[in-house]
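Everything on this sheet refers to the single structure shown next.
The values are calculated or read from the model by the stated rules, or taken from the named source; none is laboratory data. Note that this is a predicted model, so its numbers are computed, not measured. For neighbour counting, all protein chains shown are included, and Cβ atoms are generated from backbone atoms with ideal geometry for every residue, glycine included.
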């Protein structure tokens, strides 16, 4: 795999502008129409020292020809097969030399000045290794977007949620979360990463293929002693569901399987022994509830996820990336159950559960 395009370079040119080099890498699979819609906003970004790279992940549409004909200034990385989100990005980023990587979905519209606030924050604090902008919904532009809202959190049982999103409940952005602060995870839809830290912790876990690999990555980043941040001064708009739609059987399977694998990898042994059985029980309740509500597909997805988790325990662990250390301080973890707060106590708003700082 080689970078293609008239502007393709392989060296860090941060000295040319005095600014760190930021490489925006868009992983694409059959996303020609998304590229047509969203790529112009990325190219219009005002940050002076940037590269825009599309890493094509085995597309079978004419995405590559479209880019070559309509966006010749964009660099191309071409893979003959679909390697998934995790391996696709690992393969692509191994070819890119830069100070910062931006992992950006092909269905994200960015604001012109979205890069500057995040780079200023990360340059001011070298211990920040990952940062995300505020994610709003592309079609409902005052509403937070599911994939990351205003900074990802996690509860004691491993359920992810975010400032502005609790399970399926999405809040309207009224500036209530407009403070930059540490969080647990940053959205893979738009994630800034310090390149050296990405390589230090081993990149994304390719076993995950897709879904929750960014949460696992951010957990390992924090265990390594770095911080994950949200910077709401930067704003992007995410369409969402561009590759695997909500309710997709593969998406459900990956979410349940990968969440269990993530817990087994990153929790201490004692915590894993306590928490995993509880998660199995809660997953089983969700599975049987889906059967009685007529959703047999979710039941099958959860069943296969549990089977394959135990296969991972027995033979698949060597395929995963484990924490390099466990000395870092963890931010953005809710000491309690978001399931209890949401489904039993009927709390739908992040600030009803976690005090706003």
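Looking only at helices (runs of 4 or more DSSP H) that fall completely inside the range 7-125, which ones have 1 or more residues that are loosely packed, with under 14 Cβ neighbours inside 10 Å and modelled with pLDDT of 95 or more?
32-43, 63-70, 115-124
One residue is enough: does the range 294-304 have a residue meeting the conditions surrounded by 16 or more Cβ atoms within 10 Å (Cβ to Cβ), in contact with a strand residue (DSSP E or B) (Cβ under 6 Å, 6 or more places away or on another chain) and either more than 30 Å from residue 137 (Cβ to Cβ) or at pLDDT 95 or above (or both)?
no
With respect to residue 272, determine if the residue is touching a helix residue (DSSP H, G or I) at 6+ places or on another chain (Cβ under 9 Å), in contact (Cβ under 8 Å) with a residue 60 or more places away in the chain and surrounded by fewer than 21 Cβ atoms within 10 Å (Cβ to Cβ).
When the stated conditions are applied, residue 272 does not pass them.
Looking at residue 177 and the list (1) over 28 Å from residue 18 (Cβ atoms); (2) crowded, with 24+ Cβ neighbours inside 10 Å, which single condition is not satisfied?
Checking residue 177 against (1) over 28 Å from residue 18 (Cβ atoms); (2) crowded, with 24+ Cβ neighbours inside 10 Å, the one that fails is (2).
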